[in-house]
1. Using a 10 angstrom cutoff on alpha carbons, build the Gaussian network for the chain and name the most mobile of 58, 177, 200.
2. Dipole size in debye (nearest 20) for the stretch 124-333 around its Cα centre, Lys and Arg Cβ +1, Asp and Glu Cβ -1?
3. What residues have an amide H closer than 5 Å to that of residue 152, excluding those fewer than 5 places away on the same chain, when H is modeled at 1.01 Å from N in the peptide plane?
4. Go through [x] 52, 28, 16; [y] 47, 21, 17; [z] 38, 22, 19 and flag the label whose value is the computed semi-axes √(5λ) of the Cα gyration tensor in Å for this structure.
5. Karplus couplings for the stretch 149-162 from phi (6.51 cos²θ - 1.76 cosθ + 1.60, θ = phi - 60°), rounded to Hz, Gly and Pro as x?
6. Could you give me the ³J(HN,Hα) list for the stretch 248-265, computed from phi with Karplus coefficients 6.51, -1.76, 1.60 and θ = phi - 60°, whole Hz, x at Gly and Pro?
7. Lys/Arg Cβ at +1, Asp/Glu Cβ at -1, dipole of the stretch 81-177 taken about the Cα centre: which of 159, 142, 105 is farthest positive-ward?
8. With springs connecting C-alpha atoms under 10 Å apart, model the chain as a Gaussian network and identify which of 196, 244, 231 has the largest mean-square fluctuation.
Amino acid sequence: MRSDLTGTDTGRSGPAMAKAVAGLTVDGIDTAATDTGSARTTGRRHLRANGRMLWALLLGGAAVVGAMFAFRQGLLPWIDAMFQPGPGPLSAIRRAGIFLAALLGYWAYVRVHDRRDAGELRLRPLALALGGIAGAALVALPIAALFGLGAYELVQQRPATSGLLGAAAVIGIAATLEELLYRCLVLQVLERAWGTGVALAVQALVFALPHLANVQDGSSADAGAMLVSVTLLGLLWGGVFVLTRNLWVSAAHHAAWNFTILLSGVPLSGIGDWRGLAPLETRLAGPGWLTGGMFGPENSLLVIAAVAVAVVLVLRSVHRRGKLLRPAWLHRA
């Protein structure tokens, strides 16, 4: 029987008519059941992606940290016993060995677990140099402005010493190890599971949290400013890595940033121990919000603003070049 008004077959049973009116059946297919099945499939993909992510983080972390531990506790004591190099050379061997062991551990993890070439470890001299220049310039310009504004005052100049070279080596190794762990490992693993955007934000926060130890004697305002500052730096160096997919470029940017701060004679990330090695002896003369106080220029609002602008520019470049990856759970099986 057909309705005179709609031409609809009104001879269907009540439940069938309700489904048809609600749009839940199309050509005999129950779309509600289909939507439920699709949601379950997506949920399973999400769970599998998160499980693979956790396993990759554990395995990669174990490979890198385990290699460092094996050298420090195994090979280094043997070198000391066999060759007795003395405290100075042994310290240099320890730093170089830990650095190389971490690289080897990461390379092995990528080859075995990811089954790919570790292209991010390939040395690109020109890009490395440009990364270093950009990192130094990004912090040198606002520091120069702080000197010009009188927030920093130059007390005296000192001749460079050999200790400055040792500090440069330590800064370079530390920056490279941080980039290896946070950008090569954490960022890339999170990126495969959650996509580039979420991965950048999470790794930046994870990178910032350990720096809270450097402001234990500061106020809650110091800690808050530090978290904002270092999270922005984590976003910046993460963006540089995504843009170049090269460890050495982001490490050069990171190391040059740190070494420039050291040279200016102000605290580096809340650490003042190296200020005596700087060729400039500097006194903080301005308000804490401008000088950065005990944490150094990284907590200065002027430096934070400069980093924020750099983050926006780098992330815009990442987006324009199509380097943002989608979450793995959105990919069809």
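Readers should treat all values here as calculations from the given coordinates under stated rules, not as data from a laboratory. Keep in mind that what you see is a predicted model, and the values were worked out from it rather than measured. So basically every Cβ, Gly included, is an ideal-geometry build from the backbone, and we count neighbours across all protein chains shown.
1. It is 58.
2. The dipole of the stretch 124-333 has a size of about 1020 debye.
3. Under 5 Å from the amide H of residue 152 lie the amide H atoms of 147, 285, each far enough along the sequence or on another chain.
4. Structure-derived value, by its label: [x].
5. 7, x, 6, 10, 10, 7, 8, 6, 9, 10, x, 5, 10, 5
6. After applying 6.51 cos²θ - 1.76 cosθ + 1.60, I find 5, 5, 5, 5, 5, 4, 5, 5, 5, 4, 5, 5, 5, 4, 4, 4, 6, x Hz.
7. Checked the options; the winner is 105.
8. 244
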